[in-house]
């Protein structure tokens, strides 16, 4: 069996087992989508959102990219965010990074990685903002993990700055924003930052005419 065929076989087995356990599962799933959460996570294959949170299909709306970034020029991310907030009415938006993130590690170097340099530049900016704090650690791994936490915090802040979130906070007092970091070594999620709905930003980021 070719390697990709194993995925198709696994899919058949999963669908069959799911129907046997709950005959109406796919009927319900195909007719409604009401997740409470939007998950913005890293593309790393070791961090599957549903597995590490114990959730089922339909419970989390998911967007993933290198190093779980919220970039204001990323129309893909912004489209997902707008749909999740304005149509699905999610109650929580979670930015989840993970310790040992290769994207963050690459951004801490002066090495060129080709086209991904343009993406990593956003993380380099976070490093520059917090360089003194990150470099206060002696161990390279500790420096990396601190920057990973700070990057998650900055991405939550970037979410709050969007007109999408600002508008929803004014109209619906939702969603709440969360910054988490997942540990590859122990499988545990560490909450590190939170912004309840309606948190006041610098007035520069708050819109009067929304």
> What's the number of the condition residue 110 fails, among (1) assigned to a loop (DSSP other than H, G, I, E, B); (2) surrounded by 15 or more Cβ atoms within 10 Å (Cβ to Cβ)?
Replying inline: (2)
>> Looking at residue 191 and the list (1) at pLDDT below 95; (2) not in a helix (DSSP H, G or I), which single condition is not satisfied?
In response: (1)
> Residues of region 53-92 being within 23 Å of residue 123 (Cα to Cα), touching a residue at least 24 places away in the same chain (Cβ under 8 Å), in contact with a strand residue (DSSP E or B) (Cβ under 9 Å, 6 or more places away or on another chain) and part of a helix (DSSP H, G or I), which ones?
Replying inline: 77, 80, 81
>> Given the criteria surrounded by fewer than 12 Cβ atoms within 10 Å (Cβ to Cβ) and at pLDDT 95 or above, does residue 133 qualify?
In response: no
> Which members of region 132-181 meet the condition of being on the phi > 0 side of the Ramachandran plot and in contact with a helix residue (DSSP H, G or I) (Cβ under 9 Å, 6 or more places away or on another chain)?
Replying inline: none
> Considering only residues of region 195-210 that are surrounded by 13 or more Cβ atoms within 10 Å (Cβ to Cβ) and touching a strand residue (DSSP E or B) at 6+ places or on another chain (Cβ under 7 Å), which is farthest from residue 150 (Cα to Cα)?
Replying inline: 197
> When residues of region 28-49 are filtered for being surrounded by 11 or more Cβ atoms within 10 Å (Cβ to Cβ) and assigned to a helix (DSSP H, G or I), how many remain?
Replying inline: 2
> Going by the conditions given, is residue 58 surrounded by 11 or more Cβ atoms within 10 Å (Cβ to Cβ), assigned by TED's automatic domain parsing to the domain that holds residue 105 and at pLDDT below 95?
Replying inline: yes
> Can you find even one residue in region 83-96 that is over 30 Å from residue 172 (Cα atoms) and surrounded by 13 or more Cβ atoms within 10 Å (Cβ to Cβ)?
Replying inline: no
> Within region 12-34, is there a residue that is in contact with a helix residue (DSSP H, G or I) (Cβ under 6 Å, 6 or more places away or on another chain) and within 19 Å of residue 197 (Cα to Cα)?
Replying inline: no
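The values are calculated or read from the model by the stated rules, or taken from the named source; none is laboratory data. Source: prediction; values computed, not measured. All Cβ positions, even for glycine, are placed from backbone atoms using ideal geometry, and neighbour counts span all protein chains on display.
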